[in-house]
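Below: one structure, written as structure tokens.
The values are calculated or read from the model by the stated rules, or taken from the named source; none is laboratory data. Keep in mind that this is a model prediction, so the values were computed, not measured. Please note: Cβ atoms are built from the backbone with ideal geometry, for glycine as well, and neighbour counts cover all protein chains shown. For the accessible areas, the whole protein counts, side chains as well, though only heavy atoms, and no ligand, DNA or RNA atoms are used. Shrake-Rupley method; radii C 1.70, N 1.55, O 1.52, S 1.80 Å.
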Amino acid sequence: MNKCLFCKIVKGDIPADKVFENESILAFRDINPAAPTHILIIPKIHIPTLNDLKPEHSNLVGEMIQLSSVLAKKEGIAEAGYRTGFNCNEAGGQTVYHLHLHLMGGRTFGWPPG
Ligand code: AMP
Ligand code: ZN
């Protein structure tokens with residue numbers, strides 16, 4: 001767990017461009033943005049993937065999704081539209097094994113994603 005990159009960001013051992021923080025959630029800008037707005041919303045507790053979600057995480061994940069909507073409005077991308085997503089495991093494109101919700105906007109996305 002202490003090798004986890006996003007746990008290190010939560011602890012403050014690695015810097016991040018934070019846009020929101022409360023007792024359970026942290027949001028910060030992606031270091032390699034795939035869109036003009038690219039924010040990662042993470043739980044402060046270490047949950048590796050969507051596969052590890054338990055019923056007791058429901059409120060936490062609900063708050064993360066709710067926050068994506070609030071931040072989209074703050075970033076000025078809500079009206080035009082935006083993309084959110086969780087990548088899960090290798091085939092899903094996950095590279096950091098600490099749950100995170102991508103919030104991306106400021107350009108038009110294709111569907112389905114590659
Ligand atoms: P995923 O591929 O869904 O696991 O997404 C991981 C994301 O974390 C990628 O978009 C990376 O650019 C991003 N990332 C990796 N290291 C950092 C970091 N130190 N600060 C901010 N974002 C990061
Ligand atoms: Zn972690």
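Summary of computed values
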{"item": "Heavy-atom SASA rank of Asp30, Asp52 (probe 1.4 Å, accessible area, largest first)", "result": "Asp52, Asp30"}
{"item": "Theoretical gain in end-to-end length, Asn32 to Cys4 [0.36 nm per residue, Cα-Cα removed]", "result": "8.3 nm"}
{"item": "14 Å beta-carbon shell around Arg29, net charge (K/R +1, D/E -1)", "result": "-2"}
{"item": "Residues of segment 1-45: accessible area per residue with a 1.4 Å probe, Å²", "result": "58 Å²"}
{"item": "For segment 53-113, projected area of the alpha-carbon convex hull averaged over all directions, nm²", "result": "5.0 nm²"}
{"item": "Neighbourhood net charge (15 Å Cβ-Cβ; Lys/Arg +1, Asp/Glu -1) for Cys4", "result": "+2"}
{"item": "Carbon + sulfur, % of accessible area of segment 2-114 - ligands and nucleic acids excluded, 1.4 Å", "result": "53 percent"}
{"item": "C-alpha long axis of helix 58-75 to longest principal axis of the chain, angle in °", "result": "40 degrees"}
{"item": "5 Å-binned pair-distance histogram of segment 9-114 (Cα, whole percent)", "result": "2, 12, 23, 25, 21, 13, 4, 0"}
{"item": "GNM top mover of Asn87, Asn32, Asn22 - the chain, alpha-carbon springs below 10 Å", "result": "Asn32"}
